[in-house]
1. So what are the radius of gyration and Dmax for the Cα set of region B:405-536, in Å?
2. So which residues in region A:72-106 end up with at least 30 square angstrom less accessible surface once the other protein chains are there, compared with the chain by itself, probe 1.4 angstrom?
3. Test of understanding: express the Cα radius of gyration of region B:119-270 as a ratio to 2.2 N^0.38 Å, with N the residue count.
4. Taking N as the number of residues in chain B, what value does Rg over Cα atoms divided by 2.2 N^0.38 Å take?
5. Just to verify a number: FRET efficiency for B:Asp248 and B:Glu105, C-beta to C-beta distance, R0 = 35 Å, to 0.05?
6. Need one number: nm distance between label points at B:Gln412 and B:Glu296, each 7 Å from Cα along Cα→Cβ, rounded to one decimal.
7. Whole Å is fine, so just give me how far the alpha carbon centre of region B:357-384 lies from that of region B:112-127.
8. What part of the accessible area of region B:183-342, given as a whole %, is carbon or sulfur when the probe is 1.4 angstrom?
Amino acid sequence: MRHITRPLQHLSLMLFLLGCFAGQPATAQWWQFGADVTEPEFTDLLFNQVSALRVERTLQFTADDIDNGKVIVRGRAEVRQGAIGRVEASLDDGLTWTEVPFSDRGLFAFEFRPEPERVYRFRIRALSTTGQASNETDHAFEFKVVRQDARALARAAFEELLARYMARDRAGFMALVSRDFSGNESALDSALSNDFRFFDSIRIRPTIQRVAAADDRWTIYFAFDRQVRSVRTGQLLQDRAYTTVTLIREGEGYKLHELAAPLIFGVSDPGDVATFVTDESVGTEVLTVDRDGNVSTQEQGRTTQAEVVEEDRGPPSNISEGSVTLANNQGYSLITRTKVAPINAPGPSFTFGAEGYGATPMVFSVGDVIGAQKLTGFASLTAVTSVPEVLAEPSLSGDVWSVGDIYALQLLDGTYAIVRLASGGGSPWSFQYRHQRNGTASFR
Amino acid sequence: MTPNLLRLGVFSATISWTLAGVAQVSDTSATELAGEEPTVAPTRSSLIVPLAPPDTLTAPATGEMVFGDFRFEEDRAARSLDVMLRSMFESHRVSGPGRAASFLEPGNHWLTDVEVNARSPVGEHWNTEFNAVVRYTDSRRHDPATTSVQYLQFIAQDEQNHLTLGDYYATFSQYSLNRGIKGVGYQRVLDASSHVQVVAGAFDPRWDYLFGTKADEPIDRQVIGLRVQTVGERYRLGLNLVNAQDDDSDPVRTTEDTYRQTLPAVDWEYRTLAGWRLGGEHAHARTRRQAAAGSETDLAGSAHRLNFDGGLGELRLRGRAERVSPDFFTMGGGAAIDRFRTYLRGDYSLTDRWGVFAATDSYRNNLDDRLDTTTRTRIPELGLTARGLFDRRSLYLSASYRQRTEESDGPQPQQFVSDRIYASVSDRFEQVAVRGEMEALLNEREGTTENRNDDFLYRFTVDSRHSILGGRYDLRPYLSLERQELEDPTTGATVRTDGVRFDAQLLTRGDLSYGFSFEDRATDNGNPGADDTRLQRLALNVDSRPAFLHGGTFRAEVGDADYDFSDDDRDYRERYLRLMLDFPFGFGS
C-alpha cells in the first residue's frame, strides 16, 4: 500500500503546484515574479523601524519602539503595469479611510499617536490609476502598544515556548517558530512529535544567566534542570546543563529563531534542529532519545549530532539504551527486556553481589549472559567505544561491585551489552545499560 | 511557577520603562481589566496624520539611531541610575522511598540578582551607559558560584560611533558569528546606509572564567571579527570576516581537539518589485584542527543557503536550499554540518474560506561519500484549511497528511517511514473557545529489524474568559483532556496515557491575580515488567504589584506533586514554596 501512496502523493504535490501556476491570470508572465501585473502591491511597510510587511494578526510595540509618542508608518506601493493613483490607511478596520500622499516612486508616510494598551485595527490599501485595488487583507492586523519592554516580550515568548512544550502542544509550539528558523523546522516538527510520544511529565526549570539583544534578535543563555518520564519504561530521567535559545521579532511577536545543543526542544533530532553547541555543556550528560523511543542520557559532544558523524565502519549501529531498577533477588533479561523472578533468568546469568552482603552476595542478576568482564578506567557508559570480543565466563557466585562499576557482557544471542551500576546499597538497585544489537563489539 | 524563574534574567541593554513611564500607563480602565481589549471608535482613524512622502526608506524614520543592542535617542534622561533587586526564596520538601528521583533540590535556597543601569552624558555629543548584574545564591542548581558577576557592560556612543566594552552580542550572520562575547564591540556609521562593525573578545560564558581557572570551564576561545554592511532601496549586503582560535595551552585542555579558523562570509537580501524576498549567505571556513597528541589537520568547508518567499496571486511560496559541507566548522556561527537540504512550501487560497497547502522537505548527509552509509530524509506534506464554515466565523478546520521517509543505504540498508495524519477543529461560543486535535503516527521500519507500530494522540481543550461579579473579576479557566496510545515497536505492547489539566486565573481590578493549576496523568504500560505510573500536581500562586514597590512585583507559589508507581518503592512526593520579589529603585535627572 505504501509503495502506491508515496508516488501518488508526490504526483499530487506536483499537480497542486502546477495547478497553482497554471491558475494565474493569462496576463501574468512566468518570467516576471509577482502577482497580477495590474494589481498594486505594498513592497515595504515600516512602523518606525519595525517591518510590518508580513504581520498576519497582531503587531505589538513596546515603549521603546515609540518615538515621542508617535508611530511613523512608511512604505512603498507599486504596480507593475500602470501607476499608483491613491493610497489609503485605516485604524478602525476599514470603517473610515484617510488618504495618504505618495511620491512618484510610490513612497508614502503618515503618523499617529497610539494610546497604550489600545487595539487599533490597521488596514492599508492602494489603488492603481485603472481602478485596481490591492488586497486589503494582506496588510490587515491589530496594532497595540503594550506595557512591557522588548526584553519582557522576548522573555514572555520564551516562557510561552516552555509552556507549550511542557504541555506537549506541538501545533501550539510550532506556531511560535520563526519562518527563518536557522535549523530545520520540518525536523523540529517531527522531533517534537517524537519527544511527546517518548517522554512526558516534562519539567524544565531554567535559570537565566544572560540575556542579550542585537537589532530585533534576543539570545537567552541559561542553565536548566530537566526531568522527563520515559513513556515506555516509566523511568524518570534528569539532566542539567547550559544552553542557548535565540528569538527574533517577526510579525506578531518574538519567535524561536535558533536552538543550540543540548536541546531543550526537539530532543529527538539534535543533528538537524540545533545549529551549534553551547561550549559549557560539552561533556555534560544530557537527555537523548533514539528512534525506538529509548530515552537515556549521553555526554554532549562537540557536534550537534547525538552520534558523532565520523568514519563509519561495519554494520549500522543499533544500540538500545536505558536503565532498569530491580528489587532484591530480581533478574533482568536484556534480550527480552523483561524483569524475571526469582534470581535467575532463563539460561545462564551473571549475578551481581554487593559489598557488605557477605554470605549472601547474590542480589540481582542479568540473565542470558554467556560472557562477562569488568571494565576499568571509564566514568560513564558513553565513554566505552568498544569491548573485547572474547569475554570470560560469568562467575556463578557473583562479583562484588561498587556503584559506578562497568561490565561488558556477551549475551546468549551473541550480542554485546555494557552495564553500569548506577545505585545500590539497598533495594531498589538500578543499573544503566547499552545494548549493541548489531552483533559487533563496537559501541560507537 | 517555572516560567516565573525567568524573571531572574539579567539586565539587558535595551532599557526598560522608567518609573515615570510605568506610572503613565498604569491607569487601566475597567474594560481592560475585564479582559475585553478596547478598540478605537471609528472616528479615531482621523488620528492618522499624512506626512510628506520620504525620499528613502533606508534611513531611520526619526532622529533615532539603532546600533546593535543599543538605541541612541536624544530625548532620553540625561543622567540616571536604576537598580533592580530580583530575589527568590524557595523551599523544597521531598518525601517517599523514591525521593532520590526528584529533580528538586531539597531544603531552603536563595537566589538574588542585583541589576544596575547607570547613564551619563559626557561632553556635548557622547552618552555613556553602565550595566551590571551581580548574583548571590546558595543553590548550585542556579549557579556554580555563591556570588558572581553575571553581566558587565560599558557603552559609549555618539551619532556616528558606538563602543561596547564587556558583554556584547555579536551578530554578524548565521554562519560567521552569532554569539555573545566578552570583549569589545565597535560600530561606526559610514553614511545613512552603511556601517562597519569590529569585535574582539572571548566566548567565555562567565566572567569568573576570565579571571582564574575553574575546573568545569570550557577551553578558552578567542574571536576577532569585521563586518561591513550596506543597505539600499531593495537590497542589503553584508561582508564578514571572522578569525577564531582555541587556546592550545589552556590548562583545562585534556583530550580535546583545538581549532583555529578563518571564515569569510557574505550575506545578502534582495526584494523584488512585486514583494518577493530573496536572500542567502555564502561562507567558507578554513580550519586547522590540532589533536591533543599534537597532530594537525587542515579542514576546508563551505556553507551556502538561499531562501525566498513571496506571492503569486493567491499563492504564497516559501523555499530554502542549503548545503553545508562536512568540514565546515564554524566556531562563532551555527550550521547543521554535512547536510544538503531543499524545502518548498506553497499556501493557496481557493476561496475566502478554503485553503490548501503543500510542502516538501528533503535532506541528506554524507555529501563527500566519506561515510559508508548515507541517510536521506524526505518529508512531503499536504494539508487543507477551512475557516468560517456553516456561517460560524470562528470555526476553523485543519487537516494534513505528512510522510517522513528516512532511508539509509550501505551494507545493511534500512528504511523508516512514518505517516502522520493530523486533524484539528476549533470554534468559539461567545466566551468559550474549544479545540479538538487528533494525530496518528503510523510507523514502519524495514532493514535489519522490521517492525510496525502505530501511535495515536487525542487532545481536547476548552479555554474561556468570564467577567464575573459585575466586572470586578476576570476569570480565565482552561481545561485540557488528552489520551495517547503508543505501540511499543519491540514488544507490540500498548502504552496508554490519559491526562487532564485544569488551570484557572482570577484577575482583580487592582494589580492582583490568583492562579490555580491541577494536572493528573496516568500511564498504563503494557510492557512486561514495566511500571504503571500516575502523576498528580497541584499549584497555587498569587501575583501582586503593590504600590509601595513602585512598579515592582511580588509572587508567591505553593505546589504539591505526587509520583505514584506500581512499584511502591519508587513513590515520592514533592512540596514546594517559592517567594519572588522584583523591586526597582530609580534615581536620576
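1. Expressed in Å, the Cα Rg and Dmax of region B:405-536 come to 21.2, 73.
2. A:Ile72, A:Arg74, A:Arg76, A:Glu78, A:Arg80, A:Leu91, A:Asp92, A:Thr96, A:Thr98, A:Pro101, A:Arg105
3. 1.22
4. Dividing the Cα radius of gyration by 2.2 N^0.38 Å gives 1.15.
5. Step by step, r from the Cβ atoms, then E = 0.40.
6. In this crude spin-label approximation the distance works out to 4.1 nm.
7. Cα centroid of region B:357-384 versus Cα centroid of region B:112-127: 51 Å apart.
8. That fraction is 57 percent.
The values are calculated or read from the model by the stated rules, or taken from the named source; none is laboratory data. Note that this is a predicted model, so its numbers are computed, not measured. Cβ sites come from the backbone with ideal geometry, for glycine too, and all protein chains shown count toward neighbours. We work out accessible area using only protein heavy atoms, side chains counted, and drop any ligands, DNA or RNA first. Shrake-Rupley method; radii C 1.70, N 1.55, O 1.52, S 1.80 Å.
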